[in-house]
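Notes follow once the structure below has been shown.
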Amino acid sequence: MTALTLSLHPAIADIPATEWDACAGPDNPFVSHAFLSALEDSGSTGRRTGWLPQHAAIRDPTGRLLAAAPMYAKSHSYGEYVFDQTWARAFEQAGGDYYPKLQVAVPFSPVPGPRLLVREGAADPAGLRQALAGALRQAATELGVSSVHVTFCTEDDYTLLGEAGWLQRLGVQFHWDNAGYASFDDFLATLASRKRKVLKRERRDANQCGLTFRAVQGRAITPDLWAHFYRFYTATVDRKWGSAYLTPEFFPLLSERLGDRVVLMLAERDGTPVAGALNLMGTDTLYGRNWGCDGDYPFLHFELCYYRAIDFAIAHGLRRVEAGAQGQHKIQRGYRPTPTYSAHWIAHPGLRRAVADFVVHEREAMLHEMAELDAQSPYRAAGED
């Protein structure tokens, strides 16, 4: 392989969008230049939130970008959804400094996708990804940080990093797979009778509480609609976490830069929005993100975030709906447990040994848990009504 150079960039704007997106590809909007720049330009990432961009770029001798990774220097573990706070406390109690660390991730977005980005059509893409993995370790060493964490990566990234000696960690999310359904009723027909009745009742109750529903995309999402949605978003954050990372400016920038890939599901009463669920659309997947609501309506969360997402996916021929982190209640709505992947490089040998032992046992427990969760699936068995 020709000589390659690594550079770190404190702003995604330092890298031309065409160059970055040639590596990120079209499939997953969360690693696109448009999404990452909307985070930075809106002030959602940066010093205020403690996500300081340090995007990694690998170039050939001509300066052509061949590989990249969305990376951030962090002095905390908030907004990641792969929890390492116990590792930090243990290391600090032993006299070490866990922070700062490097995080290869999409901020505030527990969305699986590629993290080791390689230019489409590049020669030896596997070699470039290996070079990028090595460059991330090199960057950590030169910056004197404790660790590098590649979270919610693809299984291919997870495997490559594991082969390179990184520690591997499993998680679980709940995704809905489209088996070529022509309608929501086609999907319902695959469920056991008792489960099917529950879903029908939930949809009926949600649709009989005086609300109207619609999906709005891209530039059709007006500033007024975004203002309503931001109120929903902050109300949900206040109830659950108490800190809103995303600024009001982020959401309009998103629809401006990503266009119709931004899908806002709305519930309205007399023309006024009372709830909204934000989704991004990839090539074959609808990704559920934030949601919020004014008032209390039966099963509205399930209707907007899960059932309307399934309707949209079927209508648009999408293969999958990924409805975000956590939520075992999604199983009974047709979303099945799916592994998520992360990989971790830790400089200190003692901490590395302790974490290695932890993730081995955690993986075993996670695989067992996923099998148990999948046994709760509402889909009917062969011969079952």
Using the crude model of +1 on Lys and Arg Cβ and -1 on Asp and Glu Cβ, and no other charge, please compute the dipole size for the chain relative to its Cα centre, in debye to 20.
520
If contacts are Cα pairs under 8 angstrom and at least 6 residues apart, what is the relative contact order of region 179-318 in percent?
30
22 Å Cα cut-off, lysine pairs counted over the chain (separation 8 or more, or different chains)
5
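With +1 assigned to the C-beta of every Lys and Arg and -1 to the C-beta of every Asp and Glu, and no other charges, what is the dipole magnitude of region 179-318 about the Cα centre in debye, to the nearest 20? List each step's numbers first, then the result.
Details: 18 positive and 16 negative charges, 105 e Å.
Its charge dipole is roughly 500 debye.
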With no solvent and one equal point scatterer placed on each C-alpha of the chain, evaluate the Debye formula and give log10 I(q)/I(0) for q = 0.08, 0.14 Å⁻¹, two decimals.
-0.44, -1.28
Taking 41 Å as R0, compute the FRET efficiency from the Cβ-Cβ separation of Ala17 and Arg194 and round it to 0.05.
0.20
Out of Gly96, Gly292, Gly282, any idea which swings most in a Gaussian network model of the chain, alpha carbons joined below 10 Å?
Gly96
Please determine, in degrees from 0 to 90 and to the nearest 10, the orientation of helix 193-206 with respect to the longest principal axis defined by the Cα atoms of the chain, where the helix direction is its Cα long axis.
80
For region 1-138, I need the span (max minus min coordinate) of the C-alpha atoms along each principal axis, in Å, sorted largest to smallest.
46, 32, 24
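Evaluate the Kirkwood expression for the hydrodynamic radius of region 177-244, namely the inverse of the mean inverse distance over all pairs of different C-alpha atoms, and round to one decimal in Å. Could you put the intermediate results ahead of the total?
On the way: mean 1/r = 0.0645 Å⁻¹.
Roughly 15.5 Å, rounded to one decimal.
Could you work out how much longer the chain between Glu256 and Arg231 gets when fully extended? Use 0.36 nm per residue separation minus the Cα distance between them, nm to one decimal. Write out the running numbers ahead of the final one.
On the way: separation 25, 0.36 × 25 = 9.00 nm, distance 1.95 nm.
7.0 nm is the gain from fully extending Glu256 to Arg231.
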Counting only other residues whose beta carbon sits under 10 Å from that of Ala206, what net charge do I get with K and R as +1, D and E as -1?
+1
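Using a cut-off of 15 Å between beta-carbons, work out the net charge of the residues near Leu66 (Lys and Arg +1, Asp and Glu -1, Leu66 not included). It would help to have the intermediate numbers written out before the result.
On the way: positive: Arg59, Arg64, Arg119, Arg129; negative: Glu19, Asp21, Asp60, Glu120, Asp124.
Once positives and negatives cancel, what remains is -1.
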Given a cut-off of under 8 Å on Cα pairs at least six residues apart, what relative contact order in percent is computed for the chain?
21
Work out how much length Gln208 to Arg47 would gain on full extension: take 0.36 nm times their residue separation and subtract the Cα-Cα distance, in nm to one decimal.
53.4 nm
Which Cα, out of Leu225, Gly317, Trp291, lies furthest along the positive dipole direction of region 224-333 (beta carbon charges, K/R +1, D/E -1)?
Gly317
What net charge is computed for the residues neighbouring Leu266, neighbours being all others with C-beta under 15 Å from the C-beta of Leu266, Lys and Arg scored +1, Asp and Glu -1?
-1
Could you tell me which residue out of His329, Ser44, Thr159 lies farthest along the dipole of the chain toward its positive end? Charges go on the beta carbon: Lys and Arg +1, Asp and Glu -1, centred on the Cα centre.
His329
If we count other beta carbons within 10 Å of each Cβ, what is the order of Thr340, Thr236, Thr272, Thr141, fewest first?
Thr272, Thr141, Thr236, Thr340
Would you mind telling me which residue in Phe358, Phe108, Phe251 has the biggest mean-square fluctuation in a Gaussian network model of the chain, where springs connect alpha carbons within a distance under 10 angstrom?
Phe358
Calculate the spin-label point distance for Val360 paired with His348, positioning each point 7 Å from the Cα along the beta-carbon direction, and give it in nanometres.
2.1
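Suppose a student asked you for the relative contact order of region 45-190, using Cα pairs under 8 Å spaced at least 6 residues apart; what percent would you report? Present the calculation step by step, with values, prior to reporting the outcome.
Numbers: 189 pairs, mean separation 30.4, N = 146.
Worked out over region 45-190, it gives 21 percent.
Where in region 176-276 are there chymotrypsin sites (Phe, Trp or Tyr not before Pro) that are in a DSSP coil and have at most 14 other Cβ atoms within 10 angstrom of their Cβ? Let's see the in-between values first.
Values: sites: Trp176, Tyr181, Phe184, Phe187, Phe213, Trp226, Phe229, Tyr230, Phe232, Tyr233, Trp241, Tyr245, Phe250; in loops: Tyr181, Trp241, Tyr245.
In loop regions of region 176-276 (DSSP not H, G, I, E or B), the sparsely surrounded chymotrypsin sites (Phe, Trp or Tyr not before Pro) are Trp241.
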Residue among Met366, Phe302, Gln54 farthest towards the positive dipole end of the chain, charges placed on Cβ
Phe302
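Using only Cα atoms, what is the ratio of the radius of gyration of region 179-318 to 2.2 N^0.38 Å?
Details: Rg = 15.4 Å, N = 140, 2.2 N^0.38 = 14.4 Å.
Rg over 2.2 N^0.38 Å, computed on Cα atoms: 1.07.
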Centroid-to-centroid separation of region 277-305 and region 1-75 [C-alpha atoms, Å]
28
Out of Arg257, Arg319, Arg201, any idea which swings most in a Gaussian network model of the chain, alpha carbons joined below 10 Å?
Arg201
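Read-outs: derived from the displayed coordinates by stated rules, not from any lab. Note that the structure is predicted; figures quoted are calculated from it, not measured. In this analysis, Cβ positions are derived from the backbone assuming ideal geometry, glycine residues included, and neighbour counts consider all displayed protein chains.
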